[in-house]
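First comes the structure, then the notes that go with it.
Since every read-out is calculated from the coordinates, none of them should be taken as a lab result. Everything numeric here is computed off the predicted structure, so don't read it as measured data. Because the Cβ atoms are built from the backbone with ideal geometry, glycine has one as well, and the counts that use them run over all protein chains shown.
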Amino acid sequence: MIRINENYTKLKASYLFADIARRVGAYVAAHPERPVIRLGIGDVTEPLPPACVEAMQAATAEMARRETFRGYGPEQGYPFLREAVAEHDYAARGCRIEPDEIFISDGAKCDCGNIQEIFATDIRLAIPDPVYPVYIDTNVMAGRTGPERDGRYEGVAYLESTPANGYVPEVPSAPADLVYLCFPNNPTGAGATRARLAAWVEYARRNRAVLLFDSAYEAYIRDPEIPHSIYEIEGARDVAIEFRSFSKTAGFTGTRCAYAVVPKTLVAWDRAGEAHPLHALWNRRHTTKFNGVAYPIQRAAAAVFTPAGRQQTRALTDFYLGTARLIREAMAGLGLQCVGGENAPYIWVNAGRDSWEFFDLLLNRAQVVVTPGAGFGRCGEGHVRISAFNSRENVAAALDRIAAAIA
Ligand SMILES: Cc1ncc(COP(=O)(O)O)c(C=O)c1O
């Protein structure tokens, strides 16, 4: 008799965005005359930068000719892209990352979800709350947690982001083996200073732990005090894996390209206490289960690092940050406390009431969709996430409607 992986039955039954879609769908069906503005889901709205499109088209033309056609490429990515990443994202910031420590993939979601496969199942996890759900759900699937109770899984140490700590979790006193960090954060939009990150690196060194540093929103950092990479911190090469994505940097959410950095100096231990380089394990996993990102897409990603690409992607992130500023100012004007929006495209609003209640109020009275914070974890209760990924016109209209609805 074929049996299922019963860890899947531990997963919380409802998925946040499915719940939102159901409520919005019901509202739209009942009020087709009132158009809804969506500031909920974190998908970009602006088209690809022209430099990326041109590179993709030129690469597609190469694929059409026998002389320049390419079949399978290297699973880890073409050298031209790995070298461009190493030079522009790392060497330019003083970080020592070699091209062959960079693994090109089709998404930071997959990388963040797949990385746990190379670690033991009986390890201690530390995961932020609120959180990008992929970190916790993939560990539940793998059997690293107990059952869920009141929105938390047994056996997980939750790193709480609250108004009291400025939404940046403190380094815990208890040891953990695998720590997920996300800065600038989804959903709170909070950034971590150099001192905070240095404390995490020190914690990992002391506990022989590994940090999984998700910096999918790195391109939104404007504050010079906020590092763009964990490798800007001394010693991080020995304790951290970093995830980056072209999704929010250059509008690649539908195009799909990202990368994971696994330094060759990073090790983890077996039961007998012998150290194993994680680079070799991840290389084995990646080459066994993944066959590379399409050549035209890698060429489009490499174009991000050309002078035109850099200028265009900067304009793109500046545009979303300008929208984020409007949202922040409007929320503050309504007397609502918020963080984020300065180095991230998300604004985390302290609603001062139940987060689904606030969601329903904005949907019913303002026809604006936001994301209820409770869907991201217990600490998200009382908050909503507003995304800056929309047109200026839509955001301006949404802010007017919110002001009228809660005035
Ligand atoms: C924190 C975080 N990491 C990773 C991702 C996924 O990025 P990708 O599109 O590269 O899969 C997202 C997407 O929303 C995200 O918010």
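A few points about this structure:
- Derived scalar couplings ³J(HN,Hα) [the stretch 251-260; Karplus, 6.51 cos²θ - 1.76 cosθ + 1.60; whole Hz; x for Gly, Pro]: x, 8, 4, x, 9, 6, 7, 7, 7, 10
- Amide H contacts under 5 Å for Arg38: Val369, restricted to partners 5 or more places along the chain or on a different chain, H placed in the peptide plane at 1.01 Å from N.
- Two-decimal log10 I(q)/I(0) for the stretch 64-193, as the Debye equation yields it once each C-alpha is a single scatterer, q = 0.21, 0.22 Å⁻¹: -1.28, -1.31
- For the stretch 117-128, 3J(HN,Hα) per residue [Karplus equation, 6.51 cos²θ - 1.76 cosθ + 1.60, θ = phi - 60°, Hz, x = Gly/Pro]: 4, 8, 10, 4, 7, 9, 10, 8, 9, 10, 9, x
- Between the alpha-carbon centres of the stretch 1-65 and the stretch 317-389 there is a gap of 19 Å.
- Euclidean distance of C-alpha centroids, the stretch 182-204 and the stretch 73-114, integer Å: 21 Å
- For the chain: relative contact order, % (alpha-carbon pairs under 8 angstrom, 6 or more apart): 23 percent
- Tensor-based shape of the chain (alpha-carbon gyration tensor, a/c under 1.5 rounded, otherwise prolate or oblate): oblate
- Comparing mean-square fluctuations of Arg82, Arg208, Arg65 from a GNM of the chain with C-alpha springs under 10 Å, the top value falls on Arg65.
- Mean residue ellipticity (222 nm) of the chain, computed from DSSP H runs ≥ 4 via -39,500 (n - 2.57), nearest 500: -10500 deg cm²/dmol
- Ranked by the mean number of other Cβ atoms within 10 Å of their residues, highest first, the peptides 175-186, 150-161, 345-356, 26-37 come out as 175-186, 345-356, 150-161, 26-37.
- Taking the DSSP bridge list for the chain and keeping only pairs wholly inside it, about 55 percent are antiparallel.
- Note on Phe319 and Asn364: the model spin-label points, each 7 Å out from Cα along the C-beta direction, lie 3.6 nm apart.
- GNM result for the chain, Cα springs below 10 Å: residue of Arg314, Arg22, Arg205 fluctuating most strongly: Arg22
- Cα→Cβ-extended label distance, 7 Å offset, between Ala275 and Ile123, nm: 1.6 nm
- Under the combined filter of DSSP loop state and at most 16 neighbouring Cβ atoms within 10 Å, the stretch 210-241 retains these GluC sites (Glu not before Pro): Glu225, Glu234.
- Among Gly113, Gly25, Gly71, the residue with the largest mean-square fluctuation in a Gaussian network model of the chain, with springs joining Cα atoms closer than 10 Å, is Gly71.
- Computed over the Cα atoms of the stretch 234-363, pair by distinct pair, the Kirkwood hydrodynamic radius stands at 18.7 angstrom.
- Taking GluC sites (Glu not before Pro) across the stretch 334-399, none is in a DSSP loop with at most 12 further Cβ atoms lying within 10 angstrom of its Cβ.
- Table column - 3J(HN,Hα) (Hz), the stretch 161-173, Karplus curve with 6.51, -1.76, 1.60, x for Gly and Pro: 10, 9, x, 5, 9, x, 6, 10, x, 6, 6, x, 7
- Cα convex hull of the stretch 23-99, projected area averaged across orientations, nm²: 10.0 nm²
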